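Asker: Below are the structure tokens for one structure; questions will follow.
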Amino acid sequence: MTPAELKLAADGGRAVAPEAKPGPVAAMSLRGMTVSYGEKPAIFSVDADFEQGAMTAIIGPNGAGKSTLLKAALDIVPRVSGEVRVHGQPLERARGRMAYVPQRASVDWDFPTRVIDVVMMGLYRELGLLGRIRGHHRDAAQDALDRVGMADFAHRQIGQLSGGQQQRVFLARALAQAADLYLLDEPFAGVDAATEAAIIDVLKTLKTEGKSVVAVHHDLTTVQSYFDRVLLLNVRRIAEGPVRTAFTSDTLAATYGGRLAAAQIEQLELGGAV
Ligand SMILES: Nc1ncnc2c1ncn2[C@@H]1O[C@H](COP(=O)(O)OP(=O)(O)OP(=O)(O)O)[C@@H](O)[C@H]1O
Ligand SMILES: [Mg+2]
């Protein structure tokens, strides 16, 4: 498909998409999101509403477009079509309210950078390019490191930390931004149980503060205990809603197809036929 044809098809999909249900304004609403890196779309005409004050998991197989969806929502990758609203506002007006933790493998730290500086990078939007780092910026960064249990590592080189420690630092960078909406791409990938518990603690605290969390997540066994809502994605939106109703063996089978054995779904002790 050419980009023009794809846009046409995506817009066509939009027209039959269900209307947004009335209710409190979502932390983030996506409508008709289509992204294509080449001929085939990575995500196609995806609608989603991420509730305020909720923790939402985005799940789906490798290559389903989960990272692409987050990047498109942040305007990091261009979209063929689609609209993003954050707390009811267009993206340009709401960027300052969003914090993003990318998928870890995508960051390369050969350049010597101290941990505290990585965290302060999160403040550049507030600082502006020429803004001076002041005491309160440093305090905010140090405080964020403290919240993820990395206060003692502030002056270490980021490249010398373990993967799990780096992951905590990236979370600290997002925390320092004091955002309302946190988008995290696989925050638990490759971390040990202690780091996972520390991260989930921080995320649950954000939720009690009324903030919204959206995380790409791979471990299906923890979806029910960690998250309130779920978006199942495989290029298209397969299902979305409260974990209780949207995370079923049917929706999982539709999302993962043959890749998730029926036995695995059964182990999750979910309702519905496989
Ligand atoms: N920059 C890029 N250029 C070309 N193709 C890309 C690019 N980024 C992603 N893709 C392709 O788009 C599709 C979706 O990729 P994406 O990274 O969004 O998947 P994902 O659901 O996050 O997968 P994973 O679980 O492996 O992280 C894949 O087929 C991938 O190969
Ligand atoms: Mg990904």
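Asker: Enter the mean projected area of the convex hull around the alpha-carbon atoms of the stretch 143-217, in nm², rounded to one decimal.
Answerer: Value for the stretch 143-217: 4.7 nm².
Asker: With each label point set 7 Å from Cα along the Cα-Cβ vector, what nm distance links D152 and D117?
Answerer: 2.4
Asker: Same structure, new question: Determine one quarter of the surface area of the Cα convex hull of the stretch 133-173, which equals its mean projected area, and express it in nm² to one decimal.
Answerer: 2.8
Asker: What FRET efficiency do you get for S225 and A254 if R0 is 22 Å and r is their Cβ-Cβ distance, rounded to the nearest 0.05?
Answerer: With R0 = 22 Å, the Cβ-Cβ based efficiency is 0.45.
Asker: Whose amide H sits under 5 Å from the amide H of V80, counting only residues 5 or more places off or on another chain, with H placed in the peptide plane?
Answerer: Answer set, sorted by chain and number: T34, V35, S36.
Asker: Scan around T113 for amide H atoms under 5 Å from its own, H built in the peptide plane at 1.01 Å from N, and keep only partners 5 or more places away or cross-chain.
Answerer: For T113, whose amide H was placed from the backbone, the distant partners under 5 Å are I158, G159.
FYI, it's all coordinate maths here, none of it is from the lab. Keep in mind it's a predicted model, so treat the numbers as computed, not measured. Here the Cβ is made from the backbone with ideal geometry for all residues, glycine too, and neighbour counts use every protein chain on show.
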